[in-house]
Amino acid sequence: MIKRTFIDMNALKSAYKFLLCVFALVTALSCVSDPETIAQSLIDQSIQAHGQERLLTHDIRFRFRDKHYALQRGKNGYVYERAFEKQQDSITDRLYSNGSFERLINEQHVHLPDSTKLSYSNSLNSVMYFFQLPYVLNDPAAIKRFKGPAVVQGRPHFVVEVTFEQEGGGTDYEDAFRYWFDAETLKMNYLAYRYYTNGGGVRFRVATNRKSYSGLWVQDYDNFAPPSKAVPLDSLPSLWQLGALQKVSRIAQEEVQVLARN
């Protein structure tokens, strides 16, 4: 009696496609020997895939939870803004690329202690940072390294590690990140990070609801936490696929507008 062996053709196709993508990367970058240069090339291509060159020529507006945000970025810097109502007051916060921060209440500037300014500017910067991924990975303080290929949800990805120089890396320069770029589209599908503020923790984000606005791709995230802070970042996709992570929040931008400048 002949024993028959059944082959999962979908798995075989995925593995074959994965090997082709890896081969294509190695061939394209055959003259490159260091992981920093490979990581930079992947990030630059991902920025193009997300249409983020439009960040330099368009004004961006969106709502996140109960606040309205505005982003204006140019070759010489950026301005981040958020506006909201609190106890019948109209509040506007602005953060500039030179690090200065201002708060207006009912269109009047108010004086804030330095510690309060830092807290408000960090929270504003955090929302804008994640909104602009992967564009902001080209920050001068970012240290980028190619970590190799990985398969997530049956699709091949390229993994990039990002850490930060202390000089210019902000108050949370010790945070560490991983990014998973789809090997076919080069869009950023997943990210993970370890942070140390407010007791520290680990998060894994899954991109969802990706939409194009005038050629700029904007995506939401499902935000997950592992059972332990000691979990290695590189293990988070596998834990997520096993259902071992807890969903803690959803990061969703609404009322998105991408407005071309005159």
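Some observations on this one:
- Order of exposure, largest accessible area first, which applies to ASP89, ASP182, ASP234 with probe 1.4 Å: ASP234, ASP89, ASP182
- Extension reserve of the GLN246-ALA141 stretch, reckoned as 0.36 nm per residue once the Cα distance is removed: 34.7 nm
- Residue-span extension gain [GLN153 to ASP234] - 0.36 nm each, minus C-alpha spacing: 27.7 nm
- In this simple spin-label model, placing a label point 7 Å from the Cα along the Cα-to-Cβ direction at both GLU165 and GLN88 gives a separation of 5.1 nm.
- Cross-linked pairs LYS86/LYS247; LYS86/LYS229; LYS75/LYS187; LYS144/LYS187; LYS117/LYS211; LYS144/LYS229: Cα-Cα separations exceed 26 Å for LYS86/LYS247; LYS86/LYS229; LYS117/LYS211.
- Gyration tensor verdict on segment 33-172 (Cα atoms; rounded if a/c is under 1.5, prolate if a/b is larger than b/c, oblate otherwise): prolate
- Rough spin-label spacing in nm, given labels placed 7 Å along Cα→Cβ, for TYR96 and GLU184: 4.7 nm
- Which of GLU255, GLU102 is most accessible, then next, and so on - probe 1.4 Å: GLU255, GLU102
- Accessible area of ARG94 (1.4 Å probe, protein heavy atoms only, ligands and nucleic acids ignored): about 60 Å².
The values are calculated or read from the model by the stated rules, or taken from the named source; none is laboratory data. Please read these numbers as outputs of a predicted model, since none were measured by experiment. Neighbour counts are summed over all protein chains in view; Cβ atoms, including those assigned to glycine, are modelled from backbone coordinates with ideal geometry. Heads up: the accessible areas ignore ligands, DNA and RNA and are worked out on the full protein's heavy atoms, side chains in. Shrake-Rupley method; radii C 1.70, N 1.55, O 1.52, S 1.80 Å.
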